[in-house]
Amino acid sequence: MVSQTVSVVTCSRCGASNTSPARYCSTCGNPLSTVPAPTLPPMGYAPPPAQQYYPYQYPANYWEVVRTNKINNSLTGLLLLVIGVLIAWIPFAGFIGGIVGFIGGILVLVGREPFGTDHVRNTTLALIFFVVGIAVTIFGFFYALAYGASSGLGASVVGLFGIVFLIGGAIFGLSEVLLTYSLQRSNGHTLLWTAYGISIFLGLVNIFILPFGTGGFWTLYFGTGVALFTGFLAAIPAALYGTAFYLARERIVRHEIPPPMTQQPGKPPW
């Protein structure tokens with residue numbers, strides 16, 4: 001960039017400014033001497049300073065609202081779990097109880113983060129065991145049907161159904177244990193494992209009794225129909241599971257869990 005020089009002529013008598021090429025002052029007529037104007041240095045391009053990046057941080061009250069919503073989800077989910085397991089064992093109503101319990105389990109999964117990493121891990125494992133248990137049961141059920149249609153062995157097929165439901169129920173039962181395991185005290189752990197063990201025992205009883213029953217729907221569902229109603233005995237583990245879920249919910253209601261919120265800048269409080 002080239003700067004242009006403009007001559008400024010100043011009168012030494014009156015001080016008036018005259019432009020070049022004037023030789024006499026236009027004000028007083030005094031002879032003038034030319035004085036060059038100061039030369040300005042060339043102006044180079046200076047880029048604007050780059051803006052510093054600041055990560056967006058949610059205000060503390062935002063995380064408080066999110067945390068409260070997740071805790072409320074867990075409270076609602078545990079209540080639905082209690083209702084679901086208490087009616088899931090009842091003949092002809094088990095499907096409804098299963099749906100209610102399933103919704104409750106989903107809500108517990110949704111609200112798991114404020115309760116710590118152990119609870120997050122256990123609920124994730126519970127979801128995996130739930131899916132695997134359902135898949136094994138469905139696959140085994142259709143396999144038993146196909147086997148029965150091809151072989152025509154009634155007693156063996158009934159026993160095969162018992163084995164399928166025992167294996168699927170054992171895997172599914174682990175999801176019931178793990179779903180609230182980190183929310184429990186030692187008494188809750190005992191209730192969960194006791195309920196699981198009784199469920200396995202009842203499944204074994206079905207395997208040995210059903211093939212020798214008197215036949216018919218009631219025999220298939222309740223056992224022999226004479227000495228042992230395994231369908232009604234299923235109320236025992238259901239009551240134990242329901243009690244454990246209720247105890248976990250009461251710990252949240254009494255503010256024993258989760259721990260108070262501690263938030264680091266830019267991170268959620270869990």
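What the table below lists for this structure:
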quantity	calculated
Per-residue HN-Hα couplings for region 99-104 [Karplus 6.51, -1.76, 1.60; θ = phi - 60°; Hz; x = Gly/Pro]	5, 4, x, 5, 4, x
Amide H contacts of residue 24 (H built 1.01 Å from N, under 5 Å, at least 5 apart or other chain)	32
Separation of alpha-carbon centers, region 110-144 and region 239-270, rounded to whole Å	20
Cβ-defined net charge surrounding residue 29, 12 Å radius [Lys, Arg +1; Asp, Glu -1]	+2
Sites residue 167 and residue 61, calculated FRET efficiency, Cβ-Cβ separation with R0 35 Å, nearest 0.05	0.10
Amide H partners (placed H, <5 Å) of residue 8, local residues excluded	35, 37
Formal net charge of residues neighbouring residue 77 (Cβ-Cβ distance under 10 Å; K, R +1; D, E -1)	+2
Efficiency of FRET between residue 131 and residue 263 - r from beta-carbon atoms, R0 41 angstrom, step 0.05	0.75
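None of the figures in this text is laboratory data; all of them are computed from the coordinates on show. On a predicted model such as this, the values are computed, not experimentally measured, just so you know. Don't worry about glycine lacking a Cβ; one is built from the backbone with ideal geometry, like all the others, and counts go over all protein chains shown.
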